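Contents: one structure, followed by commentary.
The values are calculated or read from the model by the stated rules, or taken from the named source; none is laboratory data. Since the model is a prediction, treat every value here as computed from it, not as a measurement. Cβ: placed from backbone, ideal geometry, glycine included. Neighbour counts: every protein chain shown.
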C-alpha cells in the first residue's frame, strides 16, 4: 500500500489552489512601469533640459536592446533557480534601475551614464517578465488562461500608464526628480507580494541541461521557420508595419503641439494605457472574425493613417489629445493582431519559448523605427516625423504583401503542427 504524506489530522492533503488571475496583473506591473517612466517622465524631463528629440529617441531605442535579445538568457531562467527566486532578484534589480534612472541628472553631460543604467535595468525587467510568464503557464488552469492573459496584459499596459502618468506628476510636484523614481521603485518592489498567492510547483522529470535545452530551442525554431505561417510570422517580426514607435516619443514632442505637462501625463499615462488595453480587447474580437494576417495589415494601415492625420491637422493641444488617443487605440489593435498571428503560426512544441522569441524579434522594428522617428523630427520637424513613420510602415506593408502573395503561389507544402 502506498503511504500518504498527510498527517493524521489531515488525511487528504488538497492540491494548492490556483492563483486568482488578477495576481499576474500585479506581478507584471513593474515591466510596464519601467517603460512608462522612461518614455513619458524621463523623456519629458530630458527635453526640458535641452536634449533634442533625436537624442531622447536614441535613448528610448537603447532600452529595447535587452528586449530584442532576451531569448538568449531565457533558458538560464528556466533551468537554474526557481522562478520565484528569479522574480525577486529581477524585482530588486528593476527597482534599483528605476530609482537610478531618476537619480541621474537629466542633462546632456550624463546621457552616457543614463543609457547604461537604462539598458541594465531593462535586462533585469526582462527576467521579471519571463518569471511571471512561466509562473502563469505552470499554475493557471486551462479554463482560466484567457482571464489570466487578460489581467497580465492589463498589468503591462496599465503599468506603463502608471509609470508615465504618475511618474510625471510626482516629478513635477516633488522637490527632486529622484523622489519620483524612488516612490515608483518602492511600488514595484511591493508588487512582489503577489508571489505569496502563487504556489510554484517543484520541477519533475529528468534533470535539466542548458546545452540540451538550447539545442531544442534551435531545432524547434528551425522547424517553425520552415513552415509557411512560421516564415511569415518571423518576417512580420522585422517589419515596421504597426510598430507604434511614435508612442514612445509623445512626451518628447509634446511642446510641438503646445501640450501641457498635465495633458502629457494623462493622455500618455493612465488614460492612454486604458485606451490601449481596450484596443487590445477590440482587436482580439476583430481577429477572431477574419484572417489574422489580413487583420494585422489593416491595423497597420489604420496606424499609418492616424500618424498622417496627426501630422496634417493643426498642432494644438486638443489635436494632441485626440490623435494620441486614436494612436493608442490602434496600437492596441496591433498588439492583438500580432499575438493572434503568432499563436496561429508557432504550432505546438516549445510554445512558450517560441513566443518569447517572436516577442523579442518584434522589438527590433520598434527600436529602429524610434531612432528613425527621432532623426526625422530633427530633419523634417514634427509633421515630417509622423509622415516618415507612415511612409516606412507602408513600404513594409507592400514588401510583406508581395512576399505573402509569392508564398501563396509557390509554397507547396502546407504548414504542419509542430509536435
Legend entry - Only one of 370, 331, 324, 339 that is modelled with pLDDT of 85 or more, within 24 Å of residue 286 (Cα to Cα) and under 15 Å from the mean Cα position of the chain (by Cα): 331
Legend entry - Among (1) at positive phi; (2) modelled with pLDDT of 90 or more, the one test that residue 347 misses: (2)
Inset, instruction - Please enumerate the residues belonging to segment 241-268 that are under 18 Å from the mean Cα position of the chain (by Cα) and assigned to a helix (DSSP H, G or I). - result: 245, 246, 247, 248, 249, 268
Legend entry - Evaluation of residue 271 against (1) under 26 Å from residue 151 (Cα atoms); (2) under 17 Å from the mean Cα position of the chain (by Cα); (3) surrounded by fewer than 24 Cβ atoms within 10 Å (Cβ to Cβ) (one fails), failing number: (2)
Legend entry - Condition met for residue 98 (surrounded by fewer than 18 Cβ atoms within 10 Å (Cβ to Cβ), touching a residue at least 24 places away in the same chain (Cβ under 8 Å) and closer than 20 Å to residue 41 by Cβ): no
Inset, instruction - For residues that are assigned to a helix (DSSP H, G or I), crowded, with 17+ Cβ neighbours inside 10 Å and at pLDDT 65 or above, tally how many sit in segment 190-220. - result: 5
Inset, instruction - Look at residue 323 and say whether it is free of Cβ contacts under 8 Å to residues at least 60 places away in the same chain and surrounded by 18 or more Cβ atoms within 10 Å (Cβ to Cβ). - result: yes
Inset, instruction - May I ask you to say which residue of 102, 97 is within 20 Å of the chain's Cα centre (by Cα) and in a helix (DSSP H, G or I)? - result: 97
Inset, instruction - Using the structure shown, decide if residue 88 is modelled with pLDDT under 90, in the same structural domain as residue 171 (by TED's automatic domain parsing) and touching a helix residue (DSSP H, G or I) at 6+ places or on another chain (Cβ under 7 Å). - result: no
Inset, instruction - Output the residues belonging to segment 391-401 that are over 15 Å from residue 296 (Cα atoms) and surrounded by 19 or more Cβ atoms within 10 Å (Cβ to Cβ). - result: 392
